[in-house]
Amino acid sequence: MMEASVDREARSPRDYFELFQLPADFDLDAEDLSRRFKVLQKQFHPDRFAGKAPAEQRVAAQLSAELNAGFQTLKDDVKRAGFMLERLGVDLKALEREPVDGDFLLQQIELRESASMILSAEEKQRDPQAVAALHESTHALYDEWLSAFRRTIADGELESAGRAWVKLLYLSKLRAELPPVQALETS
């Protein structure tokens, strides 16, 4: 059984939810996050501190870097999920080393084989319907595990939330490797 262990050195030194003054909930308003980021970035951009003391310039540069890192983390579902687990003391590296269940791995193998067959064909010969079906299957699985993460993190089930996060990592990587649907439909 997986234990939620604390890896304090790997934890982010800043709570990004606090940085953007947002509730620490998985679901957040992306437009609100973007607005808050722009306001804070404008307020603390290093260029605004060009004529200030070197210490103020360093603080502004550090804060600007933290704002950028926080924004990149919170705007992405998988990164946000990992951050939430981390802030609750879960060791993400240990989670990634845990074995993934066999059914999920078989599903991944099948999806990757389908993707490989599609990608091995020349772009003009790729079946747009096969690409669309693969996107649909992958998207449905991603949504399923995203919902599982939402539910389990809200219920405080860190072990289950961690397993869902690991599956989201797999699916996120696969989704990034798939050819775009629109580009194939227009060619």
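The values are calculated or read from the model by the stated rules, or taken from the named source; none is laboratory data. Quick caveat, the model's predicted, so the values are computed rather than measured. In this analysis, Cβ positions are derived from the backbone assuming ideal geometry, glycine residues included, and neighbour counts consider all displayed protein chains.
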Sole miss for Q21 among (1) at pLDDT 95 or above; (2) within 30 Å of A132 (Cβ to Cβ) is condition (2)
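Being under 30 Å from A130 (Cα atoms), of a type in the set (D, E, K, R), modelled with pLDDT of 95 or more and outside the structural domain of E144 (by TED's automatic domain parsing) is the requirement here; does K93 meet it? Please lay out each step first, then the result.
Working: under 30 Å from A130 (Cα atoms): no; of a type in the set (D, E, K, R): yes; modelled with pLDDT of 95 or more: yes; outside the structural domain of E144 (by TED's automatic domain parsing): yes.
So K93 does not fit the description; no.
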State which residue is surrounded by the most Cβ atoms within 10 Å (Cβ to Cβ) when the search covers only the stretch 146-187 and only residues that are β-branched (V, I, T) and modelled with pLDDT under 95. V181
Which helices (runs of 4 or more DSSP H) does the stretch 13-86 wholly contain that include 2 or more residues that are free of Cβ contacts under 8 Å to residues at least 40 places away in the same chain and surrounded by 13 or more Cβ atoms within 10 Å (Cβ to Cβ)? 30-44, 54-75
I'm told K52 meets every condition in (1) basic (K, R); (2) in contact with a helix residue (DSSP H, G or I) (Cβ under 9 Å, 6 or more places away or on another chain); (3) modelled with pLDDT of 95 or more except one. Can you identify the failing condition by its number? (3)
